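Structure record follows, encoded as structure tokens.
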Amino acid sequence: MYSCTHCADMEGSLTARDRVGIQDFVLLDAYTSETAFMDNLRKRFNENLIYTYIGTLLVSVNPYKELGIYTKKQMDIYMGVNFFELPPHIFALADNVYRTMISETNNHFILISGESGAGKTEASKKVLQFYAVCCPSTRLLDNVRDRLLLSNPVLEAFGNAKTLKNDNSSRFGKYMDIQFDHQGAAVGGHILSYLLEKSRVVHQNHGERNFHIFYQLVEGGEDELLRWLGLERNCQKYRYLIQVRKCAKVSSINDKSDWKTVQKALTIIEFSEKDIEHLFAIIASVLHLGNVHFEASAHGYATLNSSAELLGIPSNILQEGLTHRKIEAKAEEVLSPFTAEHAKYARDALAKAIYGRTFTWLVNKINESLVNKDSTRKTVIGLLDIYGFEVFDVNSFEQFCINFCNEKLQQLFIQLTLKSEQEEYEMEGIEWEPVPYFNNKIICDLVEEKHRGIISILDEECLRPGEATDFTFLEKLEEKMCGHPHFVTHKLADQKTRKTLERGDFRLLHYAGEVTYSVVGFIDKNNDLLYRNIKEVRGFAIACILSWPDISEKIIDINAKIVATQFKSSLAGLTEILMTKDPWYVRCLKPNHCKQPDRFDDVMVRHQVKYLGLMEHLRVRRAGFAYRRRYEIFLKRYKALCPDTWPHWKGTPAEGVQRLIKHLGYKPDEYKMGRTKIFIRHPRTLFATEDAFEICKHELGKALVTSDKRRLAFPEGVVMILIETCWRGLQARRERERRAWAVKVIKKFIKGFMNRNQPVSMDNSDYLAFVRQSYLTRLKDNLPKSVLDKTIWLTPPPIMQEASVLLRKLHTRLLVRKYVRGISAQQKVQCRLMWENFLSNLKQFNIRLKQQNIRGLNTFARHCIYIMFVSLAWETYVISHSTQYSVPVIKYDRNGFRPRFRQLIFTQAAAYLVEEAKIKQRVNYSSLKGVSVSDLSDNFLILHVTCDDTKQKVGDCLLYLTRMHYTYTELLSFCSVRFDIQPGKEGFVDFKSSSESMVYRAKNGHLMVVSPHNPMHTT
């Protein structure tokens, strides 16, 4: 079995290099030679070394056998170790991404690509398993970890299938974000899916299977569940599963065991029992739908079975939906009957639509269980497991979309690689040398350019009126693409090329090579056509089983965008996501078509190396310098080669490296010294250094053996005294170094304190850094808890004055944001109505002031606006204090008639006049004698108040208000209207709001008038 320690020994020895190859392709001398690249890859594969680096890119070759290199012990070996200290491994890359994310607090993604069967899905699983082990663990975090891990078998069951190339091929693209907190714990995740191969539900090629979940349900489902679903434990009974009879069972797949895994995973991911039952009802219904038969009559009517019951669809709707097409003609709807072939097409379209919609629902449910409810900032590692470049004997619409996706990712790959290389050179102060490379933008534009690209032409052909066919689409392509260097058809090709093309084919010259596409099926697959009444059938099915509201309206617009355009938009969104993160790459290779261990097919692997762009990446990575390492790491490894640096170097690492390479005799054109790294141009220079180090290690070993022999010549007592002396000397030297370091630090801080008010310099930089850290640490524990709390912000030191102001603003914005998010929808509506009321009142007051011609209008208006805002704030405050109605008013003094700005508030108990949240006057409804208004439009209202105590200065209220009618109506709802029944006898009328109108005698003897409440009366 292969082990890391054994591998390290092999690769470190002088004789092993030729046998096992080089662990980093960047160190190949003939880095432009594809033959040298293949030889190195083959050597490593033959020695069970399946991983090789190209810089930080990891190349992985599927061994098709168990190597024992993914155990917990292996994870521990790679955890927290420098990227290049141990042999290449997926764990090394995962660990380096994780540690970089924590130290730099930025976002990363790992792009895992390769053709079907190369090991992409397994690679993403290993990354997830590594993070599950290396991340901090608590009970809550373990739940998140389990859901992240178990989302894989669920998505594999519903989105993977056996193909000719792979027994567990992902038939959709998947991007998963893993969210980490500041301590590096996994706290959540999110999954995006791309282009599910829905056509597999109704059709599979020879030697392939449908999605795993169908076989798992039939083979592993409990007897009671199968009876409830109306299924039999026999895959041969279902048309969608028997297109290839020999593939129902596959030796490498255990459907019964996988069924149990899926059930357990669904439970842990928090699917309810009802959700699980409904989910499997959908799967069973698709199987039943495949068994619906049609008579070969002119009308092609269907013979229905139990699928209608399981789908929850009335039989007449299913009958009509599968055998007729609904056509809208002006204001009428006409049903046009299908032929038997059209009915089969409608049935299959319905099955694909139901399964596709269910898969989307499944991904959303998983995302709900993975959502992180903590709103604090998180760092993210993304995992992109997406289909690789595909070339088959017959390539159709699916291969066109997949290969376009790979073109976009290759474009992004080169851009980000060049960008990262250039940034590293600039950061280290090394001159950047431009790198020649093939820019595949011309191919991406050929496919996606607006109005001229293949997708735009396909959209036009699908949407135009008239009879559009695959061949009219091809004619349009020939018309628009004539003369393009990367596009050719039978009509446009020369005599020699024409022999290799059918009349219904077109050929694209991708970055990975030529691919010939058959246009047959492009129009139908791009339309993903679902007739209107079929959409209604799907709406009934999904709404009944998964309880999705308003499904009939949503279903009609689901296919508003056609498939290629949807996919192009999804890719654009994915590209935007990836551009904001730092990239890491895993390129998976398939060594042979037969899935056999220890077999390396040169032709097949060479083709994959080409279309994965590995040689291109190697040329970019080798531009200028083949090797770069931080000074500390380089010096630590090779310091034994120079007497000046061995055994301990006292100066800076950069000075030590400079002394070391001078001793080794490096020529000026062989290296460059950056700010933190040494750059070595040629691999042979590094190999010479490595060989010298191997020789040095042997010499050091001989010296140790000699010293051991000398030690044996001494008596035992003398040896003990020598050991004790050496140990005490070592302790004394360490203590001296510790005290010297302490004195140095204390001096530095004293000097920093004395120069604390000076500009930042070498004398005070450490002290000021300590002051900043100390202030931020104390501030973190003493932050205000409320927006209104203005008193507890810590006084900052002089150097943090500006930062403190910015932090306080940011913290205030954060508190406001949390408060706003906590406001309910009802409160938001009330606040909006109050704001509208404020604007209306402001306009009325301005008109009133102009009419009265009050002096000092500007000052008065400003005062008015201020009072308005206070009133608005007061209204917001009293929303939850049983206030029924409020309106701003002007109250005139009874003596002198001086105007006072007040807020009039009605509650169930009394009316209040309020000034700036202070109650100025309370009027009990029982003491209200009456209300007076004039017959003019003057908006004046007088409240007549009785007062038994003559000492109190309480009398009638003279009010001006803009909403007279509303206020008067509201007042009536709290008071009783008095009237004379006869001389000396009074009656009362009470008013009440309700949803129904009525008039009746109340229990207190009053006449009760009930009518609907006008919502415009409330502010």
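The values are calculated or read from the model by the stated rules, or taken from the named source; none is laboratory data. These numbers come from a predicted model, not from an experiment. Here Cβ is always computed from backbone atoms with ideal geometry, including for glycine, and neighbour counts include all displayed protein chains. SASA here: full protein model, heavy atoms, side chains in, ligands and nucleic acids out. Shrake-Rupley method; radii C 1.70, N 1.55, O 1.52, S 1.80 Å.
Out of all the residues in segment 464-487, is one or more modelled with pLDDT of 85 or more, more than 29 Å from the chain's Cα centre (by Cα), closer than 28 Å to H607 by Cβ and assigned to a strand (DSSP E or B)? Yes: one or more hits. Under the condition of being in a helix (DSSP H, G or I) and of a type in the set (F, W, Y), the residues counted in segment 42-77 number 1.
Within segment 888-901, if we keep just the residues that are closer than 15 Å to L943 by Cα and not acidic (D, E), the residue that is surrounded by the most Cβ atoms within 10 Å (Cβ to Cβ) turns out to be V889.
Listed here are the residues, each with its yes/no results for (1) assigned to a strand (DSSP E or B); (2) within 26 Å of C594 (Cβ to Cβ).
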residue	(1), (2)
P153	no, no
E156	no, yes
T163	no, yes
D167	no, yes
K174	yes, no
I178	yes, no
G188	yes, no
I191	yes, no
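In segment 613-633, is there at least one residue being open to solvent by 50 Å² or more (accessible area, probe 1.4 Å), part of a loop (DSSP other than H, G, I, E, B), more than 20 Å from H89 (Cβ to Cβ) and at pLDDT 80 or above? No: segment 613-633 contains no residue that is open to solvent by 50 Å² or more (accessible area, probe 1.4 Å), part of a loop (DSSP other than H, G, I, E, B), more than 20 Å from H89 (Cβ to Cβ) and at pLDDT 80 or above. Looking across I77, I102, one residue alone is open to solvent by 10 Å² or more (accessible area, probe 1.4 Å), touching a residue at least 24 places away in the same chain (Cβ under 8 Å) and over 20 Å from the mean Cα position of the chain (by Cα). It is I77.
State yes or no: is I90 surrounded by 20 or more Cβ atoms within 10 Å (Cβ to Cβ) and closer than 12 Å to F130 by Cβ? It is true that I90 is surrounded by 20 or more Cβ atoms within 10 Å (Cβ to Cβ) and closer than 12 Å to F130 by Cβ.
Screening D39 against (1) in a helix (DSSP H, G or I); (2) of a type outside the set (S, T, N, Q); (3) within 22 Å of E694 (Cα to Cα) leaves a single unmet condition, (3). All of R227, R209, R233, R239 fail the test of being open to solvent by 10 Å² or more (accessible area, probe 1.4 Å) and under 25 Å from Y345 (Cβ atoms), apart from R239. For segment 634-662, the candidate set comprises residues that are at pLDDT below 85 and β-branched (V, I, T); within that set, the residue that is surrounded by the fewest Cβ atoms within 10 Å (Cβ to Cβ) is T645.
Annotation: V202 fulfils all but one of (1) open to solvent by 10 Å² or more (accessible area, probe 1.4 Å); (2) out of contact with any Lys or Arg (no Cβ under 7 Å at 6 or more places or on another chain); (3) modelled with pLDDT of 85 or more; (4) among the aliphatic types (A, V, I, L, M); the unmet one is (2). With the checklist (1) under 47 Å from the mean Cα position of the chain (by Cα); (2) hydrophobic (A, V, I, L, M, F, W, C); (3) modelled with pLDDT of 80 or more; (4) surrounded by fewer than 16 Cβ atoms within 10 Å (Cβ to Cβ) in hand, flag the one item F679 doesn't pass. Exception for F679: condition (4). Considering only residues of segment 156-186 that are of a type in the set (A, V, I, L, M) and crowded, with 22+ Cβ neighbours inside 10 Å, which is modelled with the lowest pLDDT? The qualifying residue modelled with the lowest pLDDT is A186. Looking across segment 210-267 at every residue that is assigned to a helix (DSSP H, G or I), at pLDDT below 90 and among the aromatic types (F, W, Y), the one that is nearest to N143 (Cα to Cα) is identified as W228.
So that you can scan it fast, the table gives a plain yes or no per residue for (1) exposed (fewer than 10 other Cβ atoms within 10 Å of the Cβ); (2) touching a Phe, Trp or Tyr at 6+ places or on another chain (Cβ under 6 Å); (3) of a type in the set (S, T, Y); (4) not in a loop (DSSP other than H, G, I, E, B):
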| position | (1), (2), (3), (4) |
| --- | --- |
| Y767 | no, yes, yes, yes |
| S774 | no, no, yes, yes |
| R778 | no, no, no, yes |
| K785 | yes, no, no, no |
| W793 | no, no, no, no |
| S804 | no, no, yes, yes |
| R813 | no, no, no, yes |
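Residues in segment 59-74 that are open to solvent by less than 30 Å² (accessible area, probe 1.4 Å), among the β-branched types (V, I, T) and out of contact with any strand residue (DSSP E or B) (no Cβ under 8 Å at 6 or more places or on another chain): I69 alone. What about D146, is it in contact with a strand residue (DSSP E or B) (Cβ under 7 Å, 6 or more places away or on another chain) and charged (D, E, K, R)? So D146 fails the test.
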